[in-house]
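The structure appears right after this line, and notes come after that.
The values are calculated or read from the model by the stated rules, or taken from the named source; none is laboratory data. Computed from a predicted structure; not experimentally measured. Please note: Cβ atoms are built from the backbone with ideal geometry, for glycine as well, and neighbour counts cover all protein chains shown.
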Amino acid sequence: MTIHEATFANIDNLIKENDILIIDFWAPWCGPCRSFAPVFEAAAEANPSVAFAKANTEAEQQLGAYFQIRSIPTLMIFREQILLFNQAGALPASALDELIGKVKELDMDVVRQEIEKAESESQQQQ
């Protein structure tokens, strides 16, 4: 199991090079972050086809600002470079496992079509 360290310098490559990337934004002083860490690590162990990364918001303040992290822990999931999930709060193991399963099952062609439709509707309203 490899959990990458997400930094401002490598985040673009992590997103581009991995079909599915799950990022845990955390800080060393954060109790809920420390409680969530074993859940995150177990999910990484159970899902070798998925890339996992941790972003220490204390050390990587520029990265936290870039993603507008306001509360930690925050979990983000990218698939095919599209942000699919962005939520603050520690998830229980069962919820994280269910979420990973749903992300794997998504038809990304449908997701891209929905994004294009929403963008088109937004432009028409302007």
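Take the residues of the stretch 79-114 that are among the charged types (D, E, K, R), outside any helix (DSSP H, G or I) and within 15 Å of Ala51 (Cβ to Cβ): which is nearest to the chain's Cα centre (by Cα)? In this case the residue turns out to be Arg79. Inside the stretch 68-78, residues that are surrounded by 13 or more Cβ atoms within 10 Å (Cβ to Cβ) and either among the small types (Gly, Ala, Ser) or in a loop (DSSP other than H, G, I, E, B) (or both) make up a count of 3. The numbered conditions (1) free of Cβ contacts under 8 Å to residues at least 12 places away in the same chain; (2) at negative phi are all true for Gln68 except (2). Quick one: is Thr57 touching a Ser or Thr at 6+ places or on another chain (Cβ under 9 Å) and touching a residue at least 40 places away in the same chain (Cβ under 8 Å)? Judged against the criteria, Thr57 is not a match. Given Ala65, Ala88, Ala93, which one is more than 24 Å from Val39 (Cα to Cα) and surrounded by fewer than 17 Cβ atoms within 10 Å (Cβ to Cβ)? Testing whether each residue is more than 24 Å from Val39 (Cα to Cα) and surrounded by fewer than 17 Cβ atoms within 10 Å (Cβ to Cβ) leaves just Ala65. With respect to Val39, determine if the residue is at pLDDT 95 or above, within 16 Å of the chain's Cα centre (by Cα) and under 27 Å from Asp107 (Cβ atoms). No. If the condition is being within 20 Å of Tyr66 (Cβ to Cβ) and over 16 Å from the mean Cα position of the chain (by Cα), then the stretch 1-27 contributes only Ala9.
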